[in-house]
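In what follows, a single structure is set out as structure tokens and then discussed.
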There are 2 protein chains.
Amino acid sequence: MNSEFVIAVHSLVLLAYRPDGMATSEEIAANVCTNPVRVRKVMSCLRKCGFVDTREGAGGGYKLCRRPEEVTLADIYRALAAGSLAPSWCSGNPEMNCVVGSNMGEVMNAVFCGADRQLEMYFEQITIGQMLSRVKAKQEA
Amino acid sequence: MNSEFVIAVHSLVLLAYRPDGMATSEEIAANVCTNPVRVRKVMSCLRKCGFVDTREGAGGGYKLCRRPEEVTLADIYRALAAGSLAPSWCSGNPEMNCVVGSNMGEVMNAVFCGADRQLEMYFEQITIGQMLSRVKAKQEA
DNA sequence: ACGATCTGTAATTGATATGATTACAGTATC
DNA sequence: GATACTGTAATCATATCAATTACAGATCGT
């Protein structure tokens with residue numbers, strides 16, 4: 001799995017946790033434990049997909065622009081990690097003179113596409129709001 | 001996804017395709033399009049898990065020792081790619097003085113464990129025998 | 001017994017991917 | 001116009017991945 005997915009989810013949960021729903025890349029980076037540039041890169045993508053508003057300049061930062069309950073992990077997965085399941089490496093070769101060797105690549109690819117859909121269905125059931133609830137529940141325990 | 005998973009599946013399908021169910025690491029490597037050492041490493045693991053028999057020495061090689069219909073991709077996934085879904089990179093820090101930052105790691109981990117189970121359920125439905133059928137079907141098309 | 005053939009494994013190398021850092025242009029606020 | 005942000009490119013260090021080389025151990029055929 002793409003680690004940008006983790007950063008995106010963490011960031012959105014943090015924004016949902018904030019009373020005003022806002023934070024700068026520096027604040028988010030400190031909370032996520034990474035550097036601000038990486039956060040900005042991920043958040044820039046989330047802005048293009050309509051999950052956050054960004055304001056440049058002094059007093060700016062990022063703001064969640066959807067209700068936490070209506071944003072699912074599947075939305076985020078699709079935005080910046082879709083298809084990451086299939087390995088870059090591919091076996092076989094279509095030019096090969098063997099039923100197995102020449103067709104395995106295509107068949108394997110179909111298997112991974114199915115796995116991707118399966119994963120997406122799972123992520124569909126988890127919202128940013130739920131993630132925030134789970135995090136709070138840990139604290140009480 | 002681990003590319004060793006791909007090699008393992010491809011190799012087992014090739015063995016299932018062979019009339020005598022046998023092949024050497026060199027033959028498999030040529031079909032998979034990789035080198036024999038990598039194949040042997042993967043097959044060595046499959047032997048330990050009881051999917052293939054190996055015979056060293058002249059005339060040796062690997063032999064499928066289960067019926068293709070009873071070996072699922074989930075078996076192979078568990079054998080050499082389980083838990084590969086969670087990214088090595090981990091956000092947050094348990095020592096942190098913030099509900100979100102300190103607990104996100106654990107919550108995220110639980111999410112990925114669930115995703116792993118989901119993936120395993122999907123792979124449970126696909127057997128080596130089915131993979132061989134799919135490959136053959138491509139040829140006819 | 002001996003040479004040929006095969007697996008099992010460790011070690012090395014080169015290529016690619018990943019994450020941190022630096023740098024700086026653009027923009028909004030005070 | 002000084003300050004405080006985002007947006008993005010470029011660079012560097014490190015980790016991971018895959019290929020290759022090397023060689024010990026096992027088995028077969030003769």
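Summary of computed values
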item: Exam field: A:CYS65 pseudo-label spacings to other copies (7 Å along Cα-Cβ), nanometres; result: 6.1
item: Gaussian network model of chain A, Cα within-10 Å springs - most flexible of A:THR34, A:THR127, A:THR54; result: A:THR34
item: Other-copy label distances relative to A:SER133, 7 angstrom Cα-Cβ extension, nm; result: 4.1
item: Cα centroid separation, segment B:97-141 to segment A:1-18 (Å); result: 21
item: The protein assembly as shown - charge dipole about Cα centre, Lys and Arg +1 at Cβ, Asp and Glu -1, debye rounded to 20; result: 160
item: Shape category assigned to the protein assembly as shown from the gyration tensor of Cα positions, a/c cut at 1.5; result: prolate
item: Inter-probe distance in nm under a simple model that places probes 7 Å from Cα toward Cβ, at A:ARG47 and B:LYS136; result: 5.6
item: Likely footprinting exposure, A:LYS138, B:LYS48, fewest C-beta neighbours within 10 Å first; result: B:LYS48, A:LYS138
item: Size of charge dipole - segment B:6-131 - debye, nearest 20, with Cβ of Lys, Arg +1 and Asp, Glu -1, no other charges; result: 380
item: Per residue Cα convex hull volume in Å³ - calculated over segment A:3-140; result: 131
item: Per-copy distances of the A:PHE112 label point, shortest first, in nm (7 angstrom along Cα→Cβ); result: 1.9
item: Segment A:3-140, relative contact order in percent, only Cα pairs under 8 angstrom and at least six apart counted; result: 27
item: Spin-label zone in segment A:13-52 - amide nitrogen under 13 Å from a point set 7 Å from the Cα of A:CYS65 along the C-beta vector; result: A:44-52
item: Segment A:1-56 shape via C-alpha gyration tensor axes, a/c threshold 1.5; result: rounded
item: Cβ-placed point charges (K, R +1; D, E -1), dipole of segment A:1-46 about Cα centre in debye, nearest 20; result: 120
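FYI, it's all coordinate maths here, none of it is from the lab. Everything numeric in this text was worked out from a predicted model, so none of it was measured. Reconstructed Cβ throughout: ideal geometry from the backbone, glycine too, with neighbour counts over all protein chains shown.
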